[in-house]
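Below is one structure, written out as structure tokens; the observations come after it.
The values are calculated or read from the model by the stated rules, or taken from the named source; none is laboratory data. In this text the structure is predicted, and so the values were computed from the model without any measurement. Cβ: placed from backbone, ideal geometry, glycine included. Neighbour counts: every protein chain shown. Remember, those area values only see protein heavy atoms, side chains included, never the ligands or the DNA or RNA. Shrake-Rupley method; radii C 1.70, N 1.55, O 1.52, S 1.80 Å.
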Amino acid sequence: MDPAGTLLRLAKSDDFSERARAGTELSQFAGSDTVDQVLLELLLDDSNTSPVQDTAEALIKRGDRAALRPFAAAWHRADSSRDNTHLTEIADHLYGATSYGLWLDSTDPQRTGLQAVLATLLDDHDEAVRRGADSLLSALAGAL
């Protein structure tokens, strides 16, 4: 059985813990349009923040361009929706995951670095990814 296919089905579960597990494990398959769309949906989960948190941390931990594309797109959507309380809460979780990424960067010299990878997304073909990366870089610069 196809592991990514199984995880894609699990990501649609009514059980938030199954969605959270799917997001964590699907992070290893980031880079395909189908998987990235599901990762984006998990990052913007509207019924529980556990899938948001677990998916975000898994993508940040992976830390490469493919992993940060859906993360940046989710950030753009959540951060630009100031009038939606749920999306504002999601933005808080996503921003918290970036702190985890910065900590990983400081403890692992083999990592490329969250900010360096986000900078490579500034010329992405997807406008939401570009805007999300730009906004995240600005937020991170303000926090450092």
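Roll a 1.4 angstrom probe over the protein heavy atoms and tell me the percent of accessible area of the chain that is carbon or sulfur. Ligands and nucleic acids excluded, carbon and sulfur give 49 percent.
Checking every one of the trypsin sites (Lys or Arg not before Pro) in region 1-109 against DSSP loop status and a limit of 13 other Cβ atoms within 10 Å picks out 12, 82.
Working from Cα pairs under 8 Å separated by at least six residues, relative contact order for the chain is 20 percent. In this structure the chain gives 50 Å² per residue of accessible area when probed at 1.4 Å with all protein chains present. When log10 I(q)/I(0) by the Debye sum over Cα atoms at q = 0.16 Å⁻¹ is computed from the coordinates, the matching label among (i) -0.99; (ii) -0.76; (iii) -0.87 is (ii). Site pair residue 80 and residue 46 shows an inter-label distance of 1.8 nm when each label is modelled 7 Å from Cα along Cα→Cβ. Axis angle, to the nearest 10 degrees, between helix 33-43 and the longest C-alpha principal axis of the chain: 80 degrees.
Between residue 88 and residue 18, the contour length at 0.36 nm per residue exceeds the alpha carbon distance by 22.8 nm. Note on region 83-143: percent of Cα-Cα distances in each 5 Å bin, starting at 0 and stopping at the bin with the largest distance, equals 4, 17, 23, 25, 19, 9, 2, 1.
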